[in-house]
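Throughout, read-outs are computed from the coordinates displayed, never taken from laboratory work. Treat the numbers as computed from the prediction; the structure is a model and nothing was measured. Neighbour counts run over all protein chains shown; Cβ positions are idealised from the backbone, glycine included.
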Amino acid sequence: MPEGHSVHRIARQFARSFVGSRVAASSPQGRFAEGAEILNGRVMTDARAVGKQMFLEFDGAIWLRVHLGLYGAWDFAGEIARDATISSAAGRMGQTNQRGTIAEAEAEAAAVSVHDEAGEDSMGSIGAPRKTRLRMAEEDRAGAEIAEFPPAPIGQVRVRLLTSTAVADLRGPTACEVLDAAQVAVAIARLGPDPLLETGALAVAAEDRFTASIRKRATPIGLLLMDQQVVSGIGNVFRAELLFRARLNPHTPGKLLSETSVRELWRDWSHLLTIGVETGQMMTMDDLDVVAYRKALAKQSDRHWVYKRAGLPCRVCGTNIALEVVGARKLYWCQSCQA
């Protein structure tokens, strides 16, 4: 299931390529025909992500709410500029440490493209938009350039949003519905805080809300972090990595954690989420040099401390990483470092 960073990146793609344009909406599959009729011909005015959910606003205060779930994905095509954010993250060549100037990093990135196992180019600068394809779900996957625009829908497309220059096709979402402004407010109010949404005093309030919610519950922290009413956007990967980075036992009841440790957990989530949006990857390893950083971008197994490392030695202490099923999801952790 796409975690928070992926949905924020999709919202940014809509903001760049669709907001401000009049949209032709349709449902090639037919399952969203009534909703598409409501949206058709309206100008998209906003695109925002809250955790794992995305809200697209159209004139007339009409919104499209989408939750991708386990199988959903957006396919973009047309004059699509990939979210190559090396320019904003260029100085961070080693995750938490800064290396070189932005100009040096951009020059280096332009010279060497790094493609991961899924075909994602996390370091290459795309430059001007080209008529091409881009799939955005758990990871961004660049496709071939297209010969004609708009391309014919492929597969079971629930919603197609089309402008004069770009098209977005939605497949397999868990939720896809048209809401008014009041309904959107209710939907967002049900969600936990998202560290990317607030600044200043509101950011402090979001941290306070998260801290209070965790510390009043007897539920294990490993379950609380997956509860989207407690905190928005954290999924299985970030859950495992955040707990390891904090050296927290996933079975510890939230109410037994100190206020300091819970606030540090929130701040680390904000840190990792920002990196995920900038790079398109769930990069959780620290202090990597340039070579190790490129290796991590290219291969998922080199990006994480514990996730999907069951039975392998802990990168810190050498103890084999444990695997449990908690809340119907796989939990990876080190029983020594996180004792």
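Under the rule a/c < 1.5 gives rounded, and otherwise a/b versus b/c splits prolate from oblate, where does the range 241-324 land using the Cα gyration tensor? Note, shape of the range 241-324 comes out oblate. Amide H contacts under 5 Å for Thr45: Gly20, Glu57, Phe58, Asp59, restricted to partners 5 or more places along the chain or on a different chain, H placed in the peptide plane at 1.01 Å from N. The antiparallel fraction among DSSP beta bridges confined to the range 192-333 stands at about 90%.
Taken about its Cα centre, the range 255-327 carries a charge dipole of about 240 debye when Lys and Arg each add +1 at the Cβ and Asp and Glu each add -1 at the Cβ. Candidates Val291, Ala328, Cys314 compared by Cα position along the dipole of the range 276-339: farthest toward the positive end lies Ala328, with charges placed on Cβ. Local charge for Gly254 was computed over the other residues whose Cβ lies under 11 Å away, with Lys and Arg +1 and Asp and Glu -1, and equals +3. Here's how it looks for Met226: its modeled amide H is under 5 Å from none belonging to a residue 5 or more places away or on a different chain.
Need one word for the range 192-333: rounded, prolate or oblate. Basis is the Cα gyration tensor (sqrt eigenvalues a ≥ b ≥ c); a/c below 1.5 gives rounded, then a/b vs b/c decides. Oblate, because a/c is 1.5 or more while a/b does not exceed b/c.
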